[in-house]
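Below is one structure, written out as structure tokens; comments come after it.
The values are calculated or read from the model by the stated rules, or taken from the named source; none is laboratory data. This is a predicted model, so every value here is computed, not measured. Cβ: placed from backbone, ideal geometry, glycine included. Neighbour counts: every protein chain shown. Surface accessibility is based on the protein's heavy atoms, side chains included, excluding ligands, DNA and RNA. Shrake-Rupley method; radii C 1.70, N 1.55, O 1.52, S 1.80 Å.
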Amino acid sequence: MRGRTIAVLSVLLAIFMLTVSAPLSSATGEPSFTSASYDPASGKVSFAGTFDSDVSVSVHANGYYSGETVFQLNNGGFSGEIAVGKLARGVYRIIAMSVDDPTDYIVGDFRVDGYLFLDSAEYSYDSGKVTVTGWASDEDLELTIRDMSDNVLVDGAPIKCGDDRRFSASVSPGTTLTSDLRVSVALAGETSVHKDATVQVRRVTTDSDSTVTMIQGESETVHLNVIGCTYADLQIYPENAEIATIKFSTETGNLTITGKAVGETKVTASVGDSVVEFSVTVNEIPPHDSEYTFTLRMEYDYDKADYGTSGLTASDLRRGITLTAVGTNAGEALETALNEAKIPCQFWSKEDGSIKYWVDGIFGLGDVKMEGGLWKYWIQYQIVDGNEAYNQWSLGFYTDGGEFHLLYGITEESGQALHPDEEEPEIPEQFDNSGSQTTIEVKENDDGSTTVIADSTSVIDGTQTVSEITTKENEDGTTTITENTTVTNPDGSSSTTSSVTTVDANGSKTTESTSTNSDGTSSETVSTVEQTANGTVTTSTETSKDASGNTVQTTETVTTVEQTANGTVTTSTETSKDASGNTVQTTETVTTVTDATVDGVRTTETQTESTVTDSSGNTTTVSVSETAVKQADGSSTVVRTTETTSDGKTVTEVSAGSISADGKVHTTAVSTDSEIITSVKADGEDGSYVVSDGSVQAALQQQAAVADAVGAEKDRVIEITSDTSDVSASVGKESLSDMAEENASLRMVSTQGTMTFGKDALSSLSDKDDVTLSFAIADRSSMTSAQREVIEVGSTVVNLTATSAGQSIGKDLGGKVIVTVKHAATDGKTPVAYYVDENGNRTKVAEQSYDAEKGEMTMVLDHFSLYTIVDEDLSSDALPYAVLFTLGLIVILCLCIMVPYARKGQ
């Protein structure tokens, strides 16, 4: 029995020794290099070989020495790469030396063949030369320059490379240029190794005076010349469009500058690096008294007029009344005449002088927006040569006396078109509301049509709508409207719609449109609009299709719009059917809109009640109440309350938004979300921004107003967003202090990550001058040699910095900063974040988490430096536990075998 026991124990012991100490593989053969090659793009030598110990590898040739780098043996082999920079053509020796015995080494060779890289090729108007830069293997290079017709202008001009393998040369093409150029750099005597590039030669000049002076309301025309491009290639913009606006003809090159308000500004025309700048001065119109005659007549609402103590009647206004007065402009004279006649009146002028004596109300009646783009207001005409000429300006801009007619009636012209700024054209109906911020551009086309490009941002959620609408009046009296619209939602999804509308002479409309969503689904709609006595009736059929083009649903809608004493009332019935024609849902909706402007403040109230019934008879009611207010300065605030009732339960959600007049500060919030976010478009470019105190103040004011509207305590965040991988922001002491006091966070967003500074960090930073905060994807040039040694290939490395007056304060943040970094993890591995100091020491970040779905690492930091995210195989940490488990199992088996024999021995 004892022998049997010993035999069993021997077998188990052998199993244990194999489990714990058996190598994974073994190396065989003589030590040697199996490969060695040079990559000129990266400047690295890659190699592999076999050896019997760790090795120190170096590269040698003609006095060149790379330095030694240690590589550990792995299963009898070694491999890696050494950064050697830019090498000249030739044969190089690579040596691997045992780290234990310097006399034990192996030698290999590799060849560097001819190579060439072209970094840049540019033409300078100042020097009249083409400059090329790059790097190559050989000392002698050749530069050839051709025009776009392939005529040789410079044939094989010699270029020299420096000892660092880089070259930079400037060569004159030797002729006057009228087109772009083609350049080719090649190794001398080996033209098969070459790099080619196209050099843009584009220039804008002017033969007009660069100083332009005009009187407010007048225009001056200057002329631009172009070389190597067309007028359509020019970028033209005014520095301050409130002082002067522009209109440019891409056919003649004439640039018309119109003075809008008193002041000085600049107008710039550019193409590439060629720039022409005009200094513009707009002077005030010299005042002088003139006599004005006004005829006032009413076609509508004379029974609602406030006659004050004038003694006038409705019959007087139907026939028309005539008033005469003297003033420096028509507006001043009309106000004087109305006051003398004791007629109630109100006028409005813009502070910057771009609007003077806008008629806000006469007889208590002012602007009323109606459905279908119609307006009821005081339509104004000047009598010119015995004919009525429609006023394109407010009355304060007419200063030479004369006769004017004012008719309270309805016109198809939008109230916006009557403002004096010709460069602020009529806003298309779908964008003309207080709930969006819209910019408009108008183009007159060669075929007589007009194209309006509208870029609109929703105040309440930031949805962006860009439409290009072309209107053409046809010879048969009809009008064709072509519209292409792209809608981009806050989540990044988008849809495009293309439509063609035909408007008959009687105002009836027929529209055919196609919409495509970002997921590939689409819809086709056919609609008709008929005019009625009080409004319109619209009938439409929408066919929805899946991504394969199969019909999935058809929706028929009948919409009636009427003007009532309570505002514009829209009633619609919508019936949705599946592909088989079965009704799946009906929706009944009633919307009432009231719109009024008082003292330059426009308020739009919208009430919507909807009832949705599904195929089983279940109903859901949705009630939406929205108030949109657009201030006289152009800023807007919108509050929307939505109540949804289904199965006897009512859910209420409040949304709010606020946007500045220039659109640079925009705040949005929803009662169900945790944050109030304000997006600030700071000054700057290429990811580097300066955050002004004014924009921060506007953001905090918006956040306070929005917080009151949504009625809940929420985190407040001010965001600076860059469309580049790096983002840097300079923030003043006052702004940092104000954000900390209002408990608002500062978040900097790039395409590769974010940094969010909380109250404590902002408060600490507010004690410092000229603070600049930066998030950047690090490159090796910004690292110390020690850091480069420990940074692993394939890792993500970010350089986080904070400076005050140019000095680093990254170790003195005074609070926590939440940093997120985009990182795509390797399958089967876990990303881990480390802080890397200047000496190459790595320290694991204490607070970190990785979101695999977003591909995003989150770190909570209290200091800035170099951080790296590496993918690690954490399963290797389990090896000691596996060994211990095996050992424990063996011990238990041993005991199970030995105990019975021990008892028998007793």
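General remarks:
- DSSP H segments from the chain that extend 30 Å or more along their own axis, Cα-based, with Kyte-Doolittle mean of -1.0 or above: 879-905
- Largest accessible area first, the listed residues D446, D504 line up as D446, D504 when surface is computed with a 1.4 Å probe on the assembled protein chains.
- Of I236, I343, the residue with the largest accessible area leads and the full order is I236, I343 (1.4 Å probe).
- Selection from T211, F248, L224, by position along the positive dipole direction of segment 203-283 (Cβ): F248
- Relative contact order, percent, segment 297-420 [alpha-carbon distance under 8 Å, six or more residues apart]: 25
- Note on D104 and I383: the extension gain reaches 89.8 nm, defined as 0.36 nm multiplied by sequence separation minus the Cα-Cα distance.
- Dipole orientation for the chain: of the candidates Y300, T543, S513, T543 has the Cα lying most toward the positive pole (charges on Cβ; Lys, Arg +1; Asp, Glu -1).
- The packing ranking, built from the mean of other Cβ atoms within 10 Å per residue, places the peptides 105-114, 472-481, 453-462 in the order 453-462, 105-114, 472-481, highest first.
- Summing Cβ point charges (Lys, Arg +1; Asp, Glu -1) relative to the Cα centre of segment 116-199 gives a dipole of roughly 120 debye.
- Each Lys and Arg Cβ is given +1 and each Asp and Glu Cβ -1; about its Cα centre, the chain then shows a dipole of about 4100 debye.
- Here the chain exposes an accessible surface that is 46 percent carbon and sulfur, computed with a 1.4 Å probe and the other protein chains kept in place.
- With θ taken as phi - 60° and the Karplus curve 6.51 cos²θ - 1.76 cosθ + 1.60 applied, the whole-hertz 3J(HN,Hα) list for segment 227-233 is 10, x, 7, 10, 4, 5, 7 Hz, x standing for glycine and proline.
- Computed [θ] at 222 nm, deg cm²/dmol, the chain (DSSP H ≥ 4; -39,500 (n - 2.57); rounded to nearest 500): -3500 deg cm²/dmol
- Solvent-accessible surface of segment 116-199, averaged per residue with a 1.4 angstrom probe and all protein chains in place: 51 square angstrom.
- Cα-projected label distance for T619 with A824, points at 7 Å along beta-carbon direction, nm: 5.3
- Residue-count net charge about Q697 - beta-carbon cut-off 11 Å; Lys, Arg +1, Asp, Glu -1: -4
- Taking a Cβ cut-off of under 14 Å around T644, the surrounding Lys, Arg, Asp and Glu residues balance to a net charge of -2, with basic ones at +1 and acidic ones at -1.
- Segment 436-525 - accessible surface per residue (Å², probe 1.4 Å): 53
- Taking amide H positions as modeled 1.01 Å from N, with prolines and chain starts lacking one, no residue 5 or more places away or on another chain lies under 5 Å from W393.
- Under the combined filter of DSSP loop state and at most 15 neighbouring Cβ atoms within 10 Å, segment 784-851 retains these GluC sites (Glu not before Pro): E792, E838, E847.
- Each of H223 and T131 was given a label point 7 Å from its Cα along the Cα-to-Cβ line. The distance between the two points is 3.4 nm.
- Normalising the average separation of contacting C-alpha pairs (under 8 angstrom, six or more residues apart) by the number of residues puts the relative contact order of the chain at 4 percent.
- DSSP-loop GluC sites (Glu not before Pro) across segment 664-731, with at most 11 other Cβ within 10 angstrom: E713
- Segment 59-117 and segment 803-863: distance between their alpha carbon centers, rounded to Å: 35
- Here is the list for segment 190-256: GluC sites (Glu not before Pro) lying in DSSP coil, each with at most 16 other C-beta atoms within 10 angstrom of its C-beta, are E218, E239, E242, E251.
- Point-charge dipole on Cβ atoms (K/R +1, D/E -1) for segment 83-140, about Cα centre, debye to 20: 140
- The 3J(HN,Hα) values that the Karplus relation (6.51, -1.76, 1.60; θ = phi - 60°) gives for segment 35-42 are, in residue order, 7, 7, 8, 10, 10, x, 5, 8 Hz. Gly and Pro appear as x.
- If R0 is 41 Å, the Cβ-Cβ spacing of T328 and V601 corresponds to a FRET efficiency of close to 0.90.
- Extended-chain gain in nm, criterion 0.36 nm per residue less alpha-carbon gap, S781 and E524: 87.0 nm
- Dividing the mean sequence gap of close Cα pairs (under 8 Å, 6+ apart) by how many residues segment 32-112 holds gives a relative contact order of 34 percent.
- Here the chain carries DSSP beta bridges of which approximately 90% are antiparallel, counting only pairs with both residues inside.
- Here's the list of lysines a cross-link from K266 could span, going by alpha-carbon distance under 23 Å and ignoring same-chain residues fewer than 8 apart: K247, K350, K443, K664, K681.
- For segment 78-194, radius of gyration divided by Kirkwood radius, i.e. Rg to Rh on alpha-carbons: 1.19
- Pairs exceeding a 20 Å alpha-carbon distance, out of K304/K630; K260/K369; K733/K759; K129/K160: K304/K630; K260/K369.
- The alpha carbon radius of gyration of segment 203-283, expressed as a multiple of 2.2 N^0.38 Å, is 1.02.
- In the chain the Cα-Cα distances spread across 20 Å bins starting at 0 as 10, 28, 33, 19, 7, 2, 0 percent of all pairs.
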